[in-house]
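Asks: Quick one: structure below, then a few questions.
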Amino acid sequence: MNRFIQSLSWLILSCLSVTAVAGEYYVSPSGNDSAVGSKLRPWQTIQKAANELGPGDTAHISAGRYSEHVNINVSGTAARPVVFKAIENRKTVLDSGSFFARNQSHFRIEGFRIQNTSGNRAAIEITGDGGFGDIVGNEVTGVHSTAAAIRVGGTMHDFTIEGNHVHHNNTGNQEAIRVHERTRDFNVTNNEVNDNSNIGIDIVGWAQYGKPTNGLVSHNVARNNSTLAPWAANIYVDGANNITVEFNVVSGSEYGFQLGCEPATDESSENILRYNIAYGNTEYGLGIGGCTGGDVHHCQIYNNVFVNNQRAIGFNKNAGHDNLIVNNILYEPSGQSFNFLSQPRNTIIDFNCYFVRYGSTPGRNSVIGNPLFENLPAIKFSLKEVSPCIDVGHTVEGQLIDFVGSSVPVDGNSDGQSFPDIGAFEFAPTTRVKVR
């Protein structure tokens with residue numbers, strides 16, 4: 001009996017020991033795919049790691065240049081994801097290569113610089129039936145492709161695109177970051193997307209291919225994503241449903257934001273655009289509705305700031321219906337408030353602040369005048385203490401925090417009542433302490 005207990009104890013300790021050290025593999029340009037993949041005897045290719053990893057394993061990729069199209073053909077589990085991680089952030093260069101995963105789940109691609117991808121490949125593409133894939137902290141640049149720089153489709157769910165820098169890509173008619181088809185429950189957050197040849201971030205759905213649903217697009221900076229044929233938006237929700245776009249800053253494109261639906265017989269609904277900033281775009285801060293007749297309805301657009309665009313908000317060929325547009329600042333002293341290619345139906349436009357050269361200023365509860373930003377030249381759109389936008393907004397369900405995470409509402413004018421401010425920043429009066 002004692003011998004059995006000793007043997008069992010030895011077996012358990014052996015398993016624990018193996019578990020503690022197993023699953024850490026290494027890749028180096030100077031390695032060899034016939035090696036064991038250890039730190040001292042690394043593999044040479046990332047694909048070798050993809051072929052060998054199992055649930056819970058991590059491939060540490062050394063700095064250097066790799067030129068391969070990596071097919072991730074392994075899934076992890078919730079407790080034991082598969083990880084491809086650059087040892088030195090963005091110094092591991094996948095040159096003229098790509099990452100591709102189909103029907104895989106619980107994996108992570110982190111810290112790579114992927115450049116010069118060409119043909120019909122995306123630099124990073126996840127598709128098929130799977131979920132819980134993370135694309136984190138990568139740099140994607142120099143793509144010359146008919147595909148997007150980063151693209152997620154199929155029925156993928158619960159995935160994250162976070163902290164990536166996607167810039168100076170030429171993707172033809174595709175986008176820098178594209179989420180499409182029947183994807184759901186995803187986050188596109190904290191990315192920097194700039195100087196690409198078309199739309200920056202696109203959440204796109206068509207009835208025949210499926211629609212993205214329940215997505216969050218937040219805390220991204222998108223600028224100078226522009227095209228000449230005919231326009232591009234920094235962030236575009238096109239034919240998708242239940243997408244929340246919040247706490248983003250966009251500038252330097254034709255459109256800052258677009259809530260649209262391109263197919264003429266399709267629709268997009270239940271989307272939220274809140275607490276964002278759009279400035280210096282050459283056409284619109286925000287475009288609403290279908291360019292070719294698609295329907296946009298039951299969307300909420302509130303507490304955004306539109307500054308120094310040619311037009312703050314434009315309604316397309318089909319302006320949509322049953323939308324809510326409140327608590328926004330339209331600061332266009334050289335431009336237009338609204339441009340109507342068609343009239344929105346059953347849409348509430350009120351409690352906004354207008355400081356514009358021309359255009360309509362609807363809403364009997366709206367403010368007409370300078371919102372008095374804290375420091376306009378420094379692009380600081382918080383409100384001065386004497387702003388007419390303080391405590392005069394409309395309460396919207398789910399309105400909890402502002403652009404910088406402060407609580408909403410706050411009694412900004414100290415009258416004993418708390419209402420939301422107009423704009424993306426809730427003013428909180430400084431507590432004054434008398435010095436004796």
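The values are calculated or read from the model by the stated rules, or taken from the named source; none is laboratory data. Note that this is a predicted model, so its numbers are computed, not measured. Every residue, glycine as well, gets a Cβ built from its backbone with ideal geometry; the counts of neighbours run over all protein chains shown.
Asks: Would you mind telling me which numbered condition in (1) in a loop (DSSP other than H, G, I, E, B); (2) out of contact with any His (no Cβ under 8 Å at 6 or more places or on another chain) Ser382 fails?
Replies: (1)
Asks: Related question: Just a yes or no: is a residue in the stretch 158-168 among the aliphatic types (A, V, I, L, M) and not in a strand (DSSP E or B)?
Replies: No, the conditions are met nowhere in the stretch 158-168.
Asks: Considering only residues of the stretch 298-319 that are in contact (Cβ under 8 Å) with a residue 60 or more places away in the chain and not β-branched (Val, Ile, Thr), which is nearest to Glu267 (Cα to Cα)?
Replies: Gln300
Asks: When the residues of the stretch 32-52 are narrowed to those that are outside any helix (DSSP H, G or I) and of a type in the set (Gly, Ala, Ser), which ends up surrounded by the most Cβ atoms within 10 Å (Cβ to Cβ)?
Replies: So, considering only residues that are outside any helix (DSSP H, G or I) and of a type in the set (Gly, Ala, Ser), the one surrounded by the most Cβ atoms within 10 Å (Cβ to Cβ) is Gly37.
Asks: On the basis of being among the hydroxyl-bearing types (Ser, Thr, Tyr), surrounded by 15 or more Cβ atoms within 10 Å (Cβ to Cβ), modelled with pLDDT of 95 or more and farther than 15 Å from Glu125 by Cα, does Thr92 make the cut?
Replies: yes
Asks: Within the stretch 301-323, does at least one residue satisfy the condition of being under 25 Å from Thr213 (Cβ atoms), more than 25 Å from the chain's Cα centre (by Cα), at pLDDT 95 or above and aliphatic (A, V, I, L, M)?
Replies: no
Asks: To continue, here is another question. Quickly run through the stretch 53-71 and pick out the residues that are among the β-branched types (Val, Ile, Thr) and buried (at least 22 other Cβ atoms within 10 Å of the Cβ).
Replies: Ile61, Val70
Asks: Among (1) touching a residue at least 40 places away in the same chain (Cβ under 8 Å); (2) in contact with a Phe, Trp or Tyr (Cβ under 7 Å, 6 or more places away or on another chain), where does Leu259 come up short?
Replies: Among (1) touching a residue at least 40 places away in the same chain (Cβ under 8 Å); (2) in contact with a Phe, Trp or Tyr (Cβ under 7 Å, 6 or more places away or on another chain), Leu259 violates only (2).
Asks: Another question, if that's okay. Criterion first (within 21 Å of Asn190 (Cβ to Cβ) and of a type in the set (Val, Ile, Thr)) does Ile379 satisfy it?
Replies: Considered against the rule, which asks whether it is within 21 Å of Asn190 (Cβ to Cβ) and of a type in the set (Val, Ile, Thr), Ile379 comes out as yes.
Asks: Looking for something within 27 Å of the chain's Cα centre (by Cα) and either more than 15 Å from Asp421 (Cβ to Cβ) or surrounded by fewer than 20 Cβ atoms within 10 Å (Cβ to Cβ) (or both) - is there at least one such residue anywhere in the stretch 361-370?
Replies: no
Asks: Kindly evaluate Phe355 against the criterion of being assigned to a strand (DSSP E or B), modelled with pLDDT of 95 or more and more than 28 Å from Pro263 (Cα to Cα).
Replies: Considered against the rule, which asks whether it is assigned to a strand (DSSP E or B), modelled with pLDDT of 95 or more and more than 28 Å from Pro263 (Cα to Cα), Phe355 comes out as yes.
Asks: Of the residues Asp402, Asp322, which is in contact with a Ser or Thr (Cβ under 8 Å, 6 or more places away or on another chain), in contact (Cβ under 8 Å) with a residue 12 or more places away in the chain and among the acidic types (Asp, Glu)?
Replies: Just one listed residue meets the conditions, Asp322.
Asks: Can you report the number of residues in the stretch 209-249 which are modelled with pLDDT of 95 or more, of a type in the set (Phe, Trp, Tyr) and either at negative phi or surrounded by fewer than 18 Cβ atoms within 10 Å (Cβ to Cβ) (or both)?
Replies: Selection size over the stretch 209-249: 1.
Asks: Return yes or no: is Arg102 out of contact with any Lys or Arg (no Cβ under 8 Å at 6 or more places or on another chain) and among the charged types (D, E, K, R)?
Replies: When the stated conditions are applied, Arg102 passes them.
Asks: Every residue in the stretch 301-346 that is closer than 22 Å to Gly239 by Cα, surrounded by fewer than 20 Cβ atoms within 10 Å (Cβ to Cβ) and polar (S, T, N, Q), please.
Replies: Within the stretch 301-346, Asn339, Ser342, Gln343, Asn346 meet the criteria.
Asks: Also, quick follow-up: Provide a single number: the residues in the stretch 332-349 that are touching a strand residue (DSSP E or B) at 6+ places or on another chain (Cβ under 7 Å), polar (S, T, N, Q) and assigned to a loop (DSSP other than H, G, I, E, B).
Replies: Qualifying residue count for the region: 3.
Asks: If we keep just the residues of the stretch 179-208 that are surrounded by fewer than 24 Cβ atoms within 10 Å (Cβ to Cβ) and within 19 Å of His144 (Cβ to Cβ), which is farthest from the chain's Cα centre (by Cα)?
Replies: Residue satisfying both the conditions and the ranking: Ser197.
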